[in-house]
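Peer 1: If you scroll down you'll find the structure; I have some questions about it.
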Amino acid sequence: MSGIASTIARSGNASKERPPKTTAPALGALQGSLASIREIDPGLIDDWGPKDRLDEFTTVNTEESDDGFETLKTSIRDGGQQVPILVRRSKTAEGRFEAIYGRRRLKACRELGIKVRANVQDLDDATALLAKGLENAARRNLSFYEKARFAEAIQAAGHESATVRQVLNLSPSGHSHLTKVTQNVPSKVGDSIGSAPKSGRPRWTELAELFLNRKLTEASALGVLAKLNPALTSDERLEALVREAHKRGTKGTHGPREITPMEGVVIRAGRGSLSMSVKKSGANAEFATWLESHLEEIIKKSYAEFTDVNSEDDT
């Protein structure tokens with residue numbers, strides 16, 4: 001987990017200077033504190049917290065694909081900074097501040113050589129994370145994979161799962177989708193693919209399954225990605241990797257697999273079926289008897305968990 005903060009690039013906001021939606025009361029309260037808005041030298045502001053961007057200042061929304069950082073900088077130069085960033089006073093350096101969100105605007109003001117308008121609030125870490133998450137939710141500007149990496153970074157910083165779900169407005173199953181991806185897709189592979197803004201949960205989950213089922217390894221995936229045309233978008237890189245993995249998986253199929261997780265228990269996985277046999281004699285005879293009386297309940301419970309984790313929801 002220690003490499004997450006360094007591998008995820010600096011976070012940013014939507015490319016146009018426009019107020020975010022005000023559907024989140026807590027976010028609106030923070031942005032509405034006019035008395036707390038100051039003009040601050042950008043050189044006094046440091047980055048803070050888990051990063052929520054995989055690619056530096058990636059535009060994720062399709063409708064904003066023609067906008068970029070230079071457009072934002074021109075807008076601020078010509079019309080001024082309309083939306084303040086959110087900062088808090090540094091806990092370690094007197095007279096300095098930490099940027100909670102608004103790093104695009106901060107960078108633009110820094111390059112323009114002007115002071116940045118900032119809403120200065122005294123926030124603890126949990127509240128700061130929530131503010132960052134609400135800002136992202138209001139602007140809808142994180143891809144599925146960026147959400148997954150952001151969630152992982154929050155937990156790597158020592159926060160509980162409940163905090164992750166609150167910050168990203170996730171259900172338990174939605175959080176499980178993200179975790180499945182970060183636990184199975186190596187971060188180096190994700191970095192090589194990119195944010196893939198148009199690719200949602202199904203494609204990333206499919207990639208995670210390919211690693212989980214050992215149809216891909218970190219080395220083989222990086223090898224495939226290294227051979228791709230550099231001009232491909234991150235979505236196209238993801239698609240190409242999944243497609244190539246399926247091709248390799250088909251070539252490498254040589255009949256059913258057989259697994260023996262314990263003595264007397266054999267699981268056979270073929271192309272068209274999955275079966276299990278348990279001997280009623282030997283060392284695990286009592287287990288076989290117990291399993292026979294509980295198997296229906298176990299399967300029903302497992303199926304319920306499967307449908308919950310794989311249900312459609314907004315993540």
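The values are calculated or read from the model by the stated rules, or taken from the named source; none is laboratory data. Because the structure is predicted, anything quoted here is derived from the model rather than measured. Here Cβ is always computed from backbone atoms with ideal geometry, including for glycine, and neighbour counts include all displayed protein chains. Each accessible area value is taken on the protein alone, full model and side chains, heavy atoms only, with ligands, DNA and RNA left out. Shrake-Rupley method; radii C 1.70, N 1.55, O 1.52, S 1.80 Å.
Peer 1: Can you figure out the FRET efficiency of THR233 with THR289, using R₀ = 51 Å and their beta-carbon distance, to the nearest 0.05?
Peer 2: 0.35
Peer 1: Within segment 110-134, whose backbone N sits under 14 Å from a point 7 Å along Cα→Cβ of ALA93?
Peer 2: none
Peer 1: Further question: If DNA, RNA and ligands are ignored and the probe is 1.4 Å, what is the ranking of SER281, SER199 by accessible area, most exposed first?
Peer 2: If we order SER281, SER199 from most to least accessible, we get SER281, SER199.
Peer 1: Here's a follow-up. Are any of the pairs LYS180/LYS301; LYS132/LYS180; LYS91/LYS132; LYS115/LYS198 more than 26 Å apart by Cα-Cα distance, and if so, which?
Peer 2: LYS115/LYS198
Peer 1: Another question, if that's okay. Give a quick list of chymotrypsin sites (Phe, Trp or Tyr not before Pro) in segment 143-201 that DSSP marks as loop, anything other than H, G, I, E or B, with at most 10 other Cβ atoms within 10 Å.
Peer 2: Filter output for segment 143-201: empty list.
Peer 1: Can you work out D for segment 92-174 in µm² s⁻¹ from Stokes-Einstein, where Rh is the Kirkwood radius over C-alpha pairs, the temperature is 4 °C and the viscosity is 1.567 mPa s? It would help to have the intermediate numbers written out before the result.
Peer 2: On the way: Rh = 14.3 Å.
It comes out at roughly 91 µm²/s.
Peer 1: If the chain between ARG38 and SER176 were fully stretched, how many nm would it gain, using 0.36 nm times the residue separation less the Cα-Cα distance?
Peer 2: On the way: separation 138, 0.36 × 138 = 49.68 nm, distance 4.01 nm.
45.7 nm is the gain from fully extending ARG38 to SER176.
Peer 1: With every protein chain left in place, what is the accessible area per residue of segment 97-207 in square angstrom, probe 1.4 Å?
Peer 2: Details: 3810 Å² over 111 residues.
Each residue of segment 97-207 exposes 34 Å² on average to a 1.4 Å probe.
Peer 1: Further, regarding this structure: For LYS188 paired with LYS279, estimate the spin-label separation in nm (one decimal), with each label point 7 Å from Cα along the Cα-to-Cβ line.
Peer 2: The two pseudo-label positions are separated by 4.3 nm.
Peer 1: Further question on the same structure: Hey, can you rank 262-273, 81-92 by average C-beta count inside 10 Å, highest first?
Peer 2: Ranked by mean Cβ neighbours within 10 Å, highest first: 81-92, 262-273.
Peer 1: Given a Förster distance of 41 Å, report the FRET efficiency between ALA157 and ILE298 from their Cβ-Cβ distance, rounded to the nearest 0.05.
Peer 2: Working: r = 37 Å, r/R0 = 0.89.
Efficiency, from the Cβ-Cβ distance: 0.65.
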